[in-house]
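Structure, as structure tokens:
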There are 2 protein chains.
Amino acid sequence: MIIKGFSSSAVAAGIKYADRLDLGLIYSEMPAVTAGVFTTSQVKAAPVLLDQQRLKQGRSQAIVVNSGCANACTGAEGLEAALETTRMVAQSLAIPEELVLVSSTGVIGLPLNVKAIEKSMGKLIDGLDPANFEEVARAIMTTDTISKTSYRTVEIGGNEVSFMGMAKGSGMIMPNMATMLCFILTDARISFTELNKALKDAVEQSFNRITVDGDTSTNDMVLVLANGAAENPWIDNDSNPDYQVFQDTLESICAELALKIVSDGEGATKCVTIRVCGAKEDKDAEMIARTVANSNLVKTAFFGEDANWGRIIAAMGRSGVRFYPDRVDIAFGDVVLVRNGQGCGPEVEERASSILRERAFTVCIDLKDGAGCEEVHTCDFSVDYVKINADYRS
Amino acid sequence: MIIKGFSSSAVAAGIKYADRLDLGLIYSEMPAVTAGVFTTSQVKAAPVLLDQQRLKQGRSQAIVVNSGCANACTGAEGLEAALETTRMVAQSLAIPEELVLVSSTGVIGLPLNVKAIEKSMGKLIDGLDPANFEEVARAIMTTDTISKTSYRTVEIGGNEVSFMGMAKGSGMIMPNMATMLCFILTDARISFTELNKALKDAVEQSFNRITVDGDTSTNDMVLVLANGAAENPWIDNDSNPDYQVFQDTLESICAELALKIVSDGEGATKCVTIRVCGAKEDKDAEMIARTVANSNLVKTAFFGEDANWGRIIAAMGRSGVRFYPDRVDIAFGDVVLVRNGQGCGPEVEERASSILRERAFTVCIDLKDGAGCEEVHTCDFSVDYVKINADYRS
């Protein structure tokens, strides 16, 4: 699929491994309105610091991204390496340096191999093609086992408007945000204020609703570039129906990519939605859902396909939220195995266990204490998670 | 070792498994001043609810404890089962029912097998002996691989005063508190207010400073019984030097048992102390130490014997505490491998890796921003943790 005005390219630059796509470039023929959401960590990688600075102008025209090195905890040299990378791209594309954003993922604390990037720059620029998005999505993978993309086309004001999103992430995944990179490209015409609002709302309902291991990284970013090439009527008001179409589409892309990330969680064999309802307030429901979704004991029980609701209720108990334990119902799929805080017996548990043998399922927790409702997506916690993270240097 | 006035007993009652010690009794010839600290979970097991009620009087004379069943999430029947257990003990010992405490550990959500306890009651009472503490310590084990006890003798006001502590715990371990039971017996003569204060302070500096997996249980309790049989001068004032001796001894027992718990963490191969200094305030140091100590990615790197300081600094970054990333020093043992937020290179990292191959070591984090200092003890996170918790129904 083509997004008008955008092209991209990916090469194997040998940043960490030989013969593996590890350097990508996204380019828009015209400057694009650009919004971003970044890691909430106190420790921010050089590309995050640079992009946050550059995004104050609300515009960009290119993103250069590498895997294999996070360029985090690299001090002044790291910032200079990020700057140098954007300088090379700007010169090659003959665009202002300030319109080039940079993004990195990989090992923390190692210097970025700028020489390798420089050597590959010619090939990277030559490779620019409107049909290359999938290759860039592969170039940003680290412990990901599959590349993650999402496409949408909608009509806005009589014009066809296209969207594409790509993401990477499989470990160090917790709101806010996951250890993830996500780039969303659209030819929609939208002003900065609306783009920024739409992105923040979309991220809140998608990437901030997943967890793999409760860890957060130094490099997380979600960028959205809207270059206006679709020439739809300007979206410059969030009460405009066109804004709603835009926002819904952006959120649906983010939600698809978020679920792909959690399904590809390091070592994951199952994708589990924790839905909490009947809370006093939404934020209470969210806190309980997050605590259950992050519990190692709950997640290892999912891996063991054990309908161990005792661990779920124990995790709820330490969430910091007040609730009535003797009102709690818990269901796995459509099998209610806890009523009013007590188990429904071994026969029901056996039926619940069959739900656990599925690849994806939902755990519903009803507190029967109000109308607050939220859900969080998580994965199980397997022997392979430990193996991957004991062996891999991230 | 003997604690004057105390005797104990343990039997294999067949509560969950056959031929395994799973029921214990601790008895004091005279009522003992008693203080307790209990799980902070919203979901409290029946024995916790009952003991909290009974401890309002500040006295007890016996503890009956079982493993194999937590008697948690068992509703009114569970409370009745706990009551029935204490009733049997009170009748057999001819002491008031209100002076009998009860404690359980094991699977959540299953009914307590009171019949099995009843059948074993005669043997349990007959077995009471001053030298049986080690057997009770074995009877409270679940996934523990070793039983955990600690003994001290000190002089208070010219009298010899003895202490013994026993604990169980290896998973679901996080402040406040761990999934743990701990009973401390002493023949010291001390009033309730001082005993209660000494226990709370000791727990804060010991059991609330360890973590295995960040989970908290429904059944945690630490009880201390002081029966006064040593006939030392009453300790009834916390400015009394005798109080300090008592408090130091209690804290040293709790610290020893806490370290034994973390060393026996489920699947653990290493015991790691995370020490944070140079923070603005102690509570900031504590928050950072806890976040690092609970990070799955940090703990899997310890298991992999990888001096992956990037994961440590990433965990610090999400702790919620403000600090200067470019001031941070990190040392493994005496090897400083990060200075001012940047790595000291592969040669230093190689030396740090040799520290990681040891069974126990300390990670020192210096924020260089104040005098705040705290430490937390954790273990590594192994393939066996997942196997144990995927297979074991806790």
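Computed from the coordinates by the stated procedures, all read-outs in this text should not be read as laboratory data. Here the structure is a predicted model, which is why all the values come from computation and not from measurement. Quick reminder, even Gly has a Cβ in these numbers, built from the backbone with ideal geometry, and neighbours come from all protein chains shown.
Apply the a/c threshold of 1.5 to the C-alpha gyration tensor of region A:268-394 and tell me whether it is rounded, prolate or oblate. Oblate. Ordering A:Gln61, A:Thr34, A:Val107 by the projection of their Cα atoms onto the charge dipole of chain A, which places +1 on the Cβ of Lys and Arg and -1 on the Cβ of Asp and Glu, puts A:Val107 at the extreme positive end. Panel order for A:Asp126, B:Asp306, B:Asp51, by other beta carbons found within 10 Å of each beta carbon, from fewest to most: A:Asp126, B:Asp306, B:Asp51.
For A:Val107, the residues whose amide H sits under 5 Å from its own are A:Gly68, A:Cys69, A:Ala70, ignoring neighbours fewer than 5 places away on the same chain, with H placed 1.01 Å from N. Taken one residue at a time, the phi angles of region A:249-260 give Karplus couplings (6.51, -1.76, 1.60, θ = phi - 60°) of 5, 4, 5, 5, 5, 4, 5, 4, 5, 4, 5, 5 Hz. Gly and Pro are set to x.
Among B:Thr74, B:Thr211, B:Thr39, the largest mean-square fluctuation in a Gaussian network model of chain B (Cα springs under 10 Å) belongs to B:Thr74. Summarising the strand pairing of region A:271-391, around 70 percent of its internal DSSP beta bridges are antiparallel.
Label-point spacing for B:Ser191 across the identical copies (point 7 Å from Cα in the Cβ direction), in nm and ascending order: 7.3.
Rounded to the nearest 20, the Cβ-based charge dipole of region B:271-391 about its Cα centre (Lys and Arg +1, Asp and Glu -1) stands at 260 debye.
With a cut-off of 14 Å between beta carbons, the residues surrounding B:Thr74 carry a summed charge of -2, where Lys and Arg count +1 and Asp and Glu -1. Of all DSSP-defined beta bridges confined to region A:6-263, some 75% are antiparallel rather than parallel. Sorted from shortest to longest, the distances between the A:Asp129 label points of this copy and the other copies are 8.3 nm, with each point 7 Å from Cα along the line through the beta carbon.
Distance distribution note for the protein assembly as shown: the fraction of Cα pairs above 34 angstrom is 53%.
Beta bridges per DSSP, both residues in the protein assembly as shown: antiparallel share near 70 percent. To the nearest 500 deg cm²/dmol, what mean residue ellipticity at 222 nm is calculated for the protein assembly as shown from DSSP H runs of n ≥ 4 alone, each contributing -39,500 (n - 2.57), summed and divided by the residues? Computed ellipticity for the protein assembly as shown at 222 nm equals -10500 deg cm²/dmol. Once backbone amide H atoms are built at 1.01 Å from N, B:Cys271 has B:Ala360, B:Phe361 as its partners under 5 Å, excluding neighbours fewer than 5 places away on the same chain.
In order along region B:365-373, phi translates into HN-Hα couplings of 10, 10, 8, 6, 9, x, 10, x, 8 Hz, rounded to whole numbers, per the Karplus curve 6.51 cos²θ - 1.76 cosθ + 1.60 with θ = phi - 60° and x for Gly and Pro. Projected onto their three principal axes, the Cα atoms of region B:6-263 cover extents of 47, 42, 30 Å, largest first. Relative to the Cα centre, the charge distribution of the protein assembly as shown, modelled as +1 at Lys and Arg Cβ and -1 at Asp and Glu Cβ, gives a dipole magnitude of about 220 debye. Relative contact order, whole percent, for chain B stands at 17, derived from Cα pairs under 8 Å and 6 or more residues apart.
Dipole magnitude for region A:6-263: computed about the Cα centre from +1 point charges on Lys and Arg Cβ and -1 point charges on Asp and Glu Cβ, it is near 620 debye. Farthest towards the positive end of the charge dipole of region B:6-263, among the residues B:Phe6, B:Leu223, B:Leu50, is the Cα of B:Leu50, using unit charges on the Cβ of Lys, Arg, Asp and Glu. Students often get this wrong: which residues of region B:346-371 have the backbone nitrogen under 13 Å from the point 7 angstrom along Cα-to-C-beta of B:Glu281? Zone members listed by number: B:371.
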